[in-house]
Every structure is written in structure tokens, then in C-alpha cells.
Amino acid sequence: MVAIVVALFALLYITVAGLLGSTTGTIPVTVDLTRDGTNWTIRFTGFPGGRLPGDTFLLVRDASDNIVLPRTSFERLTVSNWSASRAAYVDGNLAALEVRPGDRLALDAPTYPAGNTIEISDRTGVLLIKVLQ
């Protein structure tokens, strides 16, 4: 009887420890956020590997939680499309196809003032939520 109870507790411990301690092995998205007066610069200092610009997205909400820039792939956030989105993805690692530390986003500060929130996601979920300030 004691052996059965011990075995059940061991199984429960392994199950709970596995759920709480499981990690995907990816690093979180971390950024440096600066404003130069006309633009916000969001420079990636940490970014999980394997995310391509076409599979990584930016969404911007205003201070009232209204979407002001719908979910748009980094691939579409180009300098040539600046007038449409007032945002651009700048690849700082031209030799790499993936989004990586050193890459950055530029956002027009008058269009996206302090208090707006950026959401960076991939096809599986949200990777970062950050308030512009």
C-alpha cells in the first residue's frame, strides 16, 4: 500500500515538475526602445531563432486599446511601404534570413505616440508586448 502511494506521489511530482519546469529552449524577445523625436527605434537585443520576417508580426494599439496598425508581417514593413504603415523593419544582419538581435523596427512617433503598445508575435503566439514610453 505504501509503495503504491509513493509511486503515485512520484508520478504526480514528475508530471507537475515537467509542466512547471518545461521550457522550449528559446530565449525571450528583448528590446532596447529609444525615441529620437521623430521615430521610435525598437532594437532587438534577444530574439528566438528560426523566425523569418514573413512569419513575424507587429501590431500596434493606442492607449485606449484600439488597433491602429493591424497585425502586419515584418516582411511587409519596408521603407518603400513607410507611407502606408508608418513603420519599417530594418534587417541589421543581412547575411541571415531570420529576425535576429541587431535587427530593429522604426515607428513614426507622431503616428504612434507614447502610450501606444506594440505586440510582436509569430504564428504560434505573442512574443512581446511593450508600451511605447
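Readers should treat all values here as calculations from the given coordinates under stated rules, not as data from a laboratory. In this text the structure is predicted, and so the values were computed from the model without any measurement. All Cβ positions, even for glycine, are placed from backbone atoms using ideal geometry, and neighbour counts span all protein chains on display.
For the reader, a short list of remarks on this structure follows.
- FRET efficiency, Leu94 to Ile129 (Cβ-Cβ, R0 35 Å, nearest 0.05): 0.80
- The range 26-131 - Debye-derived log10 I(q)/I(0), Cα point model, q = 0.23 Å⁻¹: -1.41
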